[in-house]
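The structure appears below as structure tokens.
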Amino acid sequence: MEDFNIPKDAEEELLGLAHYNRMHFYTHFWNISKEHQNLHEKYLAEDKELFEPDSEWQDEEYYELGNKSQESGYIAIVFAVMFIEGSVYNFGAIYLGDSYIRNNLDRLSLLSKISVIMRMVTGKDIDSDGQAYEHLKKLLRYRNALVHAKSSPIPTAQELMISQEKSSKEYYEAIESAKKAIEYLNDESKKLNDDLYFPGIFGHL
């Protein structure tokens, strides 16, 4: 069998591509989040059609669709954050190296990690007062409440009503932010440096 030698220029090109083409799974997380964002909207729309405002009790299917909508919302929120976390790590590892990220940045909060990595790589700061941060904070706040759920004392009827209204508001904000945080982060990354390769959340949605 003849030896196959890769031409020098082709070898350099392949080595350059290898710098970016890393093994990962996080893009699949975004597909899961998008799928359940769509399911959440679908179930919610069907649920509203079944609602009977003049009836004290709703049809069983109404409550079932409500539960399905909420479950899809939870999945969309959690997997959106998983996608962002994976994207940020991958971007940082490409430009700073795995060892540096693991030894110096891994224990930072996601917001801090984004700020530090973008500052180190681009020399510029993401706008901490901008839409990207605002949506990301809402998304992370609700996601953390889901994955670190805690019990609480039994509330009074009035306390329960107030708590449910607050939780419902935060839930729908988080669903919206699951999509908006990623869109705005993508835009922010392009403003900082449109010439860099931004995998995942940064330019490849």
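Values in this text are rule-based calculations from the coordinates and carry no lab data. All of these numbers come straight from a predicted model, not from anything done at the bench. Glycine gets a Cβ as well: all are built from the backbone with ideal geometry, and neighbour counts include every protein chain shown.
For this structure, a couple of remarks:
- Annotation for residue 169 and residue 35: the two label points, set 7 Å from Cα along the Cα-Cβ direction, are 3.4 nm apart.
- Note: relative contact order over the range 23-192, using C-alpha pairs below 8 Å and six or more positions apart, is 24 percent.
- Theoretical gain in end-to-end length, residue 28 to residue 152 [0.36 nm per residue, Cα-Cα removed]: 41.2 nm
- Evaluating kT/(6 pi eta Rh) at 37 °C and 0.692 mPa s, with the Kirkwood radius of the range 100-153 over Cα pairs in the Stokes-Einstein relation, gives 255 µm² s⁻¹.
- Stretchable slack from residue 61 to residue 46, in nm (0.36 nm times residue separation minus alpha-carbon distance): 4.4 nm
- Two-decimal ratio, the range 23-192, of alpha-carbon radius of gyration to 2.2 N^0.38 Å: 1.23
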